[in-house]
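Participant: Quick one: structure below, then a few questions.
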Amino acid sequence: MKVSEKDVLYVADLANLELTAEERTRLAHDLNSILDYIDLLNELDTTDVPPMAQVSDRYGSPEKAGGARFDYAQRPDVLRPSLPHEAALQNAPDSDGEFFKVPKVIER
């Protein structure tokens, strides 16, 4: 599958990017180079290649099994009282009583 300049223009429009004609051409070329390399990698025969070991298995407490090896890295969830809704809206420059009202920042 080749990426055309039309594809680049479509994605640039979705991302709200302004690209010059030179940038569109270069980006299409770069994306096609990446796809060509992926096609080359897909041609490799990996049937006799064993799956890689997980790197995380090298760390943690060896005396524990599975996910318990990493219990030391987790903290217990603590429920703390949150700010009351009225107090959160108290200093808002504009609200509808339920939510903050903010100006629109995305223009298209």
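Participant: Over the chain, with a Gaussian network built from C-alpha contacts below 10 Å, which listed residue (43, 63, 23) shows the highest mean-square fluctuation?
Facilitator: 63
Participant: With springs only between Cα atoms under 10 Å apart, run a GNM on the chain and tell me which of 96, 45, 36 wobbles the most.
Facilitator: Residue with maximal mean-square fluctuation among 96, 45, 36: 96.
Participant: Within the accessible area of the chain, what % is carbon and sulfur when the probe is 1.4 Å and the other protein chains stay in place?
Facilitator: Result for the chain: 58 percent of the exposed heavy-atom area is carbon or sulfur.
Participant: Calculate the radius of gyration of the Cα atoms of the chain to one decimal place, then report Dmax, the largest Cα-Cα distance, as a whole number, both in Å.
Facilitator: Rg and Dmax of the chain, Cα atoms, are 26.1, 65 Å.
Participant: Here is a further query. Can you give the calculated 222 nm mean residue ellipticity of the chain, where each DSSP H run of n ≥ 4 adds -39,500 (n - 2.57) and the sum is split over every residue, rounded to the nearest 500 deg cm²/dmol?
Facilitator: -10500 deg cm²/dmol
Participant: Which one of 38, 102, 88 has its Cα pushed farthest toward the positive end of the charge dipole of the chain, where Lys and Arg give +1 and Asp and Glu give -1 at the Cβ?
Facilitator: About the Cα centre, the residue reaching furthest to the positive side is 88.
Participant: Could you provide, to the nearest whole Å², the per residue accessible area of the chain with probe 1.4 Å?
Facilitator: Value for the chain: 96 Å² per residue.
Participant: Then there is this: Please work out how much length the chain gains when fully extended from residue 7 to residue 35, using 0.36 nm per residue of separation minus the C-alpha to C-alpha distance, in nm with one decimal.
Facilitator: Stretched fully, the residue 7-residue 35 segment lengthens by 8.7 nm.
Participant: Relative contact order of the chain: what whole-number percent is it, with Cα pairs under 8 angstrom and at least 6 residues apart?
Facilitator: 14 percent
Participant: For the chain, set up a GNM with springs between Cα atoms under 10 Å and report which of 19, 31, 89 has the largest fluctuation.
Facilitator: 89
Participant: If you don't mind, another one. How big is the charge dipole of the chain about its Cα centre, in debye rounded to the nearest 20, if each Lys and Arg gets +1 on its Cβ and each Asp and Glu gets -1 on its Cβ?
Facilitator: So the dipole magnitude of the chain works out to roughly 480 debye.
Participant: Which far-off residues, 5 or more places away or on another chain, put their amide H under 5 Å from the one on residue 95, with H placed in the peptide plane?
Facilitator: 101
The values are calculated or read from the model by the stated rules, or taken from the named source; none is laboratory data. What you are looking at is a predicted structure, and each value in this text was computed from that prediction instead of being measured. No Cβ is skipped: glycine too gets one built from the backbone with ideal geometry, and neighbour counts run over all protein chains shown. Areas reflect the complete protein model, heavy atoms only, side chains present, ligands, DNA and RNA absent. Shrake-Rupley method; radii C 1.70, N 1.55, O 1.52, S 1.80 Å.
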